[in-house]
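First comes the structure, then the notes that go with it.
The values are calculated or read from the model by the stated rules, or taken from the named source; none is laboratory data. Keep in mind that this is a model prediction, so the values were computed, not measured. Cβ placement follows ideal geometry from the backbone for every residue including glycine, while neighbour counts extend to all protein chains displayed. The area values use the complete protein model at the heavy-atom level, side chains included, leaving out ligands, DNA and RNA. Shrake-Rupley method; radii C 1.70, N 1.55, O 1.52, S 1.80 Å.
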Amino acid sequence: MDNLAPVLGVMGVVIIGLAIVAIVQSRRIRRATDAYRSLVSDSQGGSLQNLLDSHLGKVIEVGSKMEELAKLYDGLEVRSRGSLQHVGVVRFNPFEDTGSDQSFAIALLDDRRDGIVLSSLHGRGQTRVFAKPVEGGESKHQLSDEEAQAIRVAVDGGRPASSAG
């Protein structure tokens, strides 16, 4: 019995310590619970789940729009390959009796270097126009130097050399 008082004293201190730990843990749990509740509910009374569902719906909508844009882009890319993309012009004077470079050759090509080369020969009494098909930057028809140069200018994107004559 002599040791009963110190044992009860130590047990009382341990109980008080445990009570303090329980109070501190209870406050931590309450703060965590409050933080969780504020996280899962917004100011308008909705929940985090509703917010996530809303955002997921928007992400799905944006994804479908992106697919539409990708299809549109692919279609435009295919169409643009067949559109006029390369132009080369060469002016020249084929006849000594005319005043200036009024004749020309112009190559109009798409991305595959297919198209047409037009040439116009201007003389004193008449003007003649010729058209020749171009495939892959070349023509099956006999080309004048100016027509070949116009195709080179269109394909290479360069400038024509000085006028032929």
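Rounded to the nearest 10 Å², what accessible area does Phe104 show when all protein chains are kept and the probe is 1.4 Å?
80 Å²
Based on the Kirkwood radius over alpha-carbon pairs, what value in µm²/s does the Stokes-Einstein equation return for the translational diffusion coefficient of segment 1-96 at 25 °C and 0.890 mPa s?
Calculated translational D: 111 µm²/s.
Which order do you get for Glu147, Glu96, Glu138 if you rank them by accessible area with a 1.4 Å probe, largest at the top?
Glu96, Glu138, Glu147
Heads up, I need the accessible area for Leu52: 1.4 angstrom probe, whole protein in place, Å², nearest 10.
Per-residue accessible area (Leu52): approximately 90 Å².
Set Lys and Arg Cβ to +1 and Asp and Glu Cβ to -1, take the dipole of the chain about its Cα centre, and tell me which of Val10, Gln142, Phe92 lies farthest positive.
With unit charges placed on the Cβ atoms, the residue in question is Val10.
Return one number: the angle in degrees, 0 to 90 and rounded to the nearest 10, between the long axis of the Cα atoms of helix 48-81 and the longest principal axis of the Cα atoms of the chain.
Long axis of 48-81 versus the principal axis of the chain: about 10 degrees.
Taking the Cβ-Cβ separation of Leu52 and Ile29 as r and a Förster radius of 35 Å, what is the calculated FRET efficiency to the nearest 0.05?
In this case the efficiency is close to 0.90.
Can you sort Leu39, Leu108 by 1.4 Å-probe accessible area, starting with the largest?
Putting Leu39, Leu108 in descending order of accessible area: Leu39, Leu108.
Any idea what the relative contact order of the chain is, in percent, if you count C-alpha pairs under 8 Å spaced at least 6 apart?
Here the relative contact order equals 17 percent.
In square nanometres, what is one fourth of the surface area of the convex hull spanned by the alpha carbons of segment 70-118?
Reported value for the Cα convex hull: 3.8 nm².
What range in the chain is the longest one free of trypsin sites (Lys or Arg not before Pro) that are in a loop by DSSP and have at most 10 other Cβ atoms within 10 angstrom?
By the stated rule (loop sites, at most 10 other Cβ atoms within 10 Å), 1-123.
Pairing the Cα long axis of helix 4-40 with the longest principal axis of the chain, what angle in degrees results, from 0 to 90 and rounded to the nearest 10?
Orientation of helix 4-40: about 30 degrees from the principal axis.
Based on the inverse mean of 1/r over its pairs of different Cα atoms, what is the Kirkwood hydrodynamic radius of the chain, in Å?
Details: mean 1/r = 0.0417 Å⁻¹.
For the chain, inverting the mean 1/r across all distinct Cα pairs yields 24.0 Å.
How high is the FRET efficiency between Ala131 and Glu61 when r is their beta carbon distance and R₀ equals 30 Å, given to the nearest 0.05?
0.05
With a 1.4 Å probe and all protein chains left in place, how much accessible area per residue does the chain have, in Å²?
75 Å²
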